[in-house]
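Structure first, then comments.
Coordinate-derived values only; no laboratory data. Please read all numbers here as calculations on a predicted model, not as lab measurements. A quick note on method: Cβ atoms are made from the backbone with ideal geometry, for glycine too, and the neighbour counts reach across all protein chains shown.
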Amino acid sequence: MKVSNHSIVTLHHRLGLPDGTVLEDTFDGDPLTYYLGTGELEQGLELALIGLEEGDQQTLDINPDLAFGFPQDNMQHTLSRNEFNPDYELEPGLIIEFSTPSGDTLPGTILEVTKDSVKVDFNHPLAGQVVRYEVKIIQVINPENGHEPIN
C-alpha cells in the first residue's frame, strides 16, 4: 500500500544535516507513527513520504522552504534576565524549551546574555538549514480505504 496525503505511517527515520550530523534517529529503537495531513511533520518531510510503500527506504536532502523555513528577524526577542532561574547557566547556543500562554512549548536558542537581559531566537533551530531525512516505511494505513491500524 502506498503512502498518500492522509495515511497513517509507521516508520523509522533519521533526521540530520548533510554534513552527517544526526539530530534524531529511531533505527535502533521503536518506530514512530505519524498521521499525515495533520501538521505533525513539516511539509517537506511529509512530501518525502508520498508514494513510498511498506519496506521502502530512502534518503533525501530537503531545502529550508519545505523543511523548517527560513529564520525571521521578528522571532528574536530580548527578555529580562529575571525571567530565568538565577542558578541556570545561560550561554549562547543553548536551546531552552519555553511555555507559551496557550500551554504549548516552543524551543528558543540563546543568542546573547548580559547581566540584565537575554536575547532569544524563537525560530526553529533548523530554520534556514537543508536537512537530510532518511526513512524506512514499516506500515502504511489509508483510513479513506477502510483500513484500520494494526496494534
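Data overview
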{"quantity": "Neighbours by Cβ (under 6 Å, 6+ apart or cross-chain): first from segment 98-127, on the phi > 0 side of the Ramachandran plot and of a type in the set (D, E, K, R); second in a strand (DSSP E or B) and surrounded by 16 or more Cβ atoms within 10 Å (Cβ to Cβ)", "calculated": "none"}
{"quantity": "Segment 85-134 - residue that is in a loop (DSSP other than H, G, I, E, B) and among the aromatic types (Phe, Trp, Tyr) and, of those, surrounded by the fewest Cβ atoms within 10 Å (Cβ to Cβ)", "calculated": "TYR88"}
{"quantity": "Every residue from segment 6-22 that is surrounded by fewer than 13 Cβ atoms within 10 Å (Cβ to Cβ) and within 19 Å of ASP65 (Cβ to Cβ)", "calculated": "PRO18"}
{"quantity": "Evaluation of GLY51 against (1) in a loop (DSSP other than H, G, I, E, B); (2) out of contact with any Ser or Thr (no Cβ under 9 Å at 6 or more places or on another chain) (one fails), failing number", "calculated": "(2)"}
{"quantity": "Verdict on LEU49 being aliphatic (A, V, I, L, M), within 23 Å of GLY128 (Cα to Cα) and in contact with a strand residue (DSSP E or B) (Cβ under 9 Å, 6 or more places away or on another chain)", "calculated": "yes"}
